[in-house]
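These notes concern the structure reproduced below.
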Amino acid sequence: MFKTIREDIQSVLDRDPAARNVLEVLLCYPGLHAIWAHRLAHRLWKGKLRLLARWLSQLMRSLTGIEIHPGATIGHNFFIDHGMGVVIGETAEVGDNVTLYHGVTLGGTSLHKVKRHPTLEDNVVVGAGAKVLGAITIGANSRIGANAVVVKSVPNDSVVVGVPGQVVVRDNRIHVPNEKADLEHGLLPDTIGETLAALIAHVNSLEKRVNGGGSYGPALHAPEHGVWRIDDFAI
C-alpha cells in the first residue's frame, strides 16, 4: 500500500511542473485524493459492499469534482491533472502511467449491464474536455487531443483529434520503459487545414493544365504556419 502511495505522489511530481514538494502534493491535488479514495472504494466494491463503495465515491465527487465509479479498474501511476469534471464509468479499465486532464469523460454507450466503457492501455494521455465513449480500446502510448470525441478503437502510438475523433498520426515508435510520459498534448495536427491545403494545391494544378500552363485569376494560397490569407476567402 505504501509503495502505491509513493508511486502516486511521484507521478504528480513527474508530470506537473507546478508541483514543488510532497507536502504541497498531499494537500493541494484533488486528483490524488480521488484516486486514493477510489482504491478503497474499489476494494469495497469487490468485497460486495457496493452501497458503501458508491457512497464513498459520491462523497469524493462532492469534495473533488471527480467522479470515479468504484467498479472501474485503474492501474499504477495514474494521474488526473486539475481534475474538475472528470467522469470514469463502471466498466472502464485504465492501464499504467495514464494521464487525464480536466473535463475528461470515459463514458458508456449501452443500457445493458455489460462492458460498456472504454479501455485505456498503458501510457495514454487524454487532453482536457475529451470524451471517450463506448467499449472501445485506446492503444498504448496514444494521445487524445483536447475536446476530441472518440467512439472507435485506436491503434497503439496514435494521435487522435476532432469530432468524431480521427487517427491522424501514427508515431510507430517503440516506447522505452521508465521513459517520462509524453504530455505534449498540444502538438496536434490541423486536419482541416491540411485537407484544404491539399485541395488548394490540386485546384491550382488543374487551373494551370486547363489554361495551358497559365493561371486564371489569383492563385489560392496554402496556410503559412496555420494562418490563412484573407484574400483567399474574399467574396
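Yes or no: His117 in a helix (DSSP H, G or I) and touching a residue at least 24 places away in the same chain (Cβ under 8 Å)?
no
Of the residues that make up region 24-33, is at least one among the charged types (D, E, K, R) and modelled with pLDDT under 95?
Scanning region 24-33 turns up at least one residue that is among the charged types (D, E, K, R) and modelled with pLDDT under 95.
Look at region 52-72 and say how many of its residues are surrounded by fewer than 17 Cβ atoms within 10 Å (Cβ to Cβ) and closer than 24 Å to Asn141 by Cα.
So the count comes out to 0.
So if I check each of His76, His42, His38, His82, which one is within 22 Å of Lys115 (Cα to Cα) and either not assigned by TED's automatic domain parsing to the domain that holds Gly103 or not in a helix (DSSP H, G or I) (or both)?
Of His76, His42, His38, His82, the one residue that is within 22 Å of Lys115 (Cα to Cα) and either not assigned by TED's automatic domain parsing to the domain that holds Gly103 or not in a helix (DSSP H, G or I) (or both) is His76.
Taking region 73-123 as the search range and keeping residues that are hydroxyl-bearing (Ser, Thr, Tyr) and out of contact with any Leu (no Cβ under 8 Å at 6 or more places or on another chain), which one is surrounded by the most Cβ atoms within 10 Å (Cβ to Cβ)?
Tyr101
Collect the residues in region 53-108 that are hydroxyl-bearing (Ser, Thr, Tyr) and over 18 Å from the mean Cα position of the chain (by Cα), keeping them in residue-number order.
Ser57, Ser62, Thr64 - these are the residues of region 53-108 that are hydroxyl-bearing (Ser, Thr, Tyr) and over 18 Å from the mean Cα position of the chain (by Cα).
Could you go through region 64-80 and let me know if any residue there is more than 22 Å from Leu111 (Cα to Cα), free of Cβ contacts under 8 Å to residues at least 12 places away in the same chain and among the aromatic types (Phe, Trp, Tyr).
No, that holds for no residue.
The values are calculated or read from the model by the stated rules, or taken from the named source; none is laboratory data. What you see is a predicted model; the values in this text were computed from it and never measured. Neighbour counts are summed over all protein chains in view; Cβ atoms, including those assigned to glycine, are modelled from backbone coordinates with ideal geometry.
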